[in-house]
Every structure is written in structure tokens, then in C-alpha cells.
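So the structure is just underneath, and the comments pick up after that.
No value in this document is a laboratory result; all are computed from the given coordinates. All figures in this text were calculated on a predicted structure; none of them were measured in a lab. Heads up, the Cβs are rebuilt from the backbone with ideal geometry, glycines too, and the neighbour counts pull from every protein chain shown.
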Amino acid sequence: VILTTIFPIGPVPLTRQPFWSPDIAKAVSEVNAYLYSLKAKNVLILDSYSLLAQNGQVQSKYVYDTLHINERGYKELNQELTKVLSTWLKEYWRDY
């Protein structure tokens, strides 16, 4: 099993700020901490938060909008997932 942490939010536009809650970033941190608590021999964690974050937000080069990443962000995630899978396969399937 591979679990992915939740990546941080992007910049919140002025039009959304009256309805936005700082509790969202807190909830992301809490869920990610819980996901890390599930790490085990057969449960790997892909830390998308650390991969895409800078100063608590998605790096601008990966931003599509407040809640979504762009193609470049998904490319980064896919590259990291490939590394995680490759490492796992080498450990558990010696012929890989």
C-alpha cells in the first residue's frame, strides 16, 4: 500500500478569503500526521506535502488554483512515485 500525504493549498484569492478558514491548513496537517502514523513495512508514504511545498503553500511553479496542482506538479508526484515503487520492488521482488 502506498499512501500519499495531502499537498498544501495554493494561494487563496481575495474573492475566496471571506469564506476561507485557516482550519483547512490545520486539517491537512492533522490528516498527514495520521497518515504517517500508518507507516509500516507494507505501508509506504509518498510525502507529496514536502515535495510540493514551500513556506506552507504549494510552490508557485506547481499551482493550478487554490486546491489543485498543475501538470508540472503531477509530473513531480509521478516521478517520486516511480522512485518509491522502484525501491519497493527492488526490496520485495529481487528479480526486478
(Q) Between a residue in segment 30-56 that is polar (S, T, N, Q) and any residue that is surrounded by 12 or more Cβ atoms within 10 Å (Cβ to Cβ), which pairs come within a Cβ distance under 6 Å, given they are 6 or more apart or on different chains? (A) Asn32/Thr5; Asn32/Ile6; Asn32/Tyr49; Ser48/Thr4; Ser48/Thr5; Ser48/Phe7; Ser48/Leu77
Q: Considering only segment 8-53, state which residues are surrounded by 14 or more Cβ atoms within 10 Å (Cβ to Cβ) and touching a strand residue (DSSP E or B) at 6+ places or on another chain (Cβ under 6 Å).
A: Pro8, Gly10, Leu35, Leu44, Ile45, Leu46, Ser48, Leu52
Q.
Against the condition within 19 Å of Thr87 (Cβ to Cβ), β-branched (Val, Ile, Thr) and out of contact with any helix residue (DSSP H, G or I) (no Cβ under 6 Å at 6 or more places or on another chain), how does Val12 come out, does it pass?
A. no
Q: Return the pairs, sorted by first residue and then second, in which the second residue is surrounded by 11 or more Cβ atoms within 10 Å (Cβ to Cβ) and hydrophobic (A, V, I, L, M, F, W, C), the first residue lies in segment 73-90 and is free of Cβ contacts under 8 Å to residues at least 12 places away in the same chain and closer than 12 Å to Leu44 by Cα, the beta carbons are less than 9 Å apart, and the residues are 6+ apart or on different chains.
A: Thr87/Leu44
Q. In this structure, does Tyr62 turn out to be without any contact (Cβ under 8 Å) to a residue 60 or more places away in the chain, surrounded by 10 or more Cβ atoms within 10 Å (Cβ to Cβ), under 13 Å from the mean Cα position of the chain (by Cα) and over 18 Å from Ile2 (Cβ atoms)?
A. yes
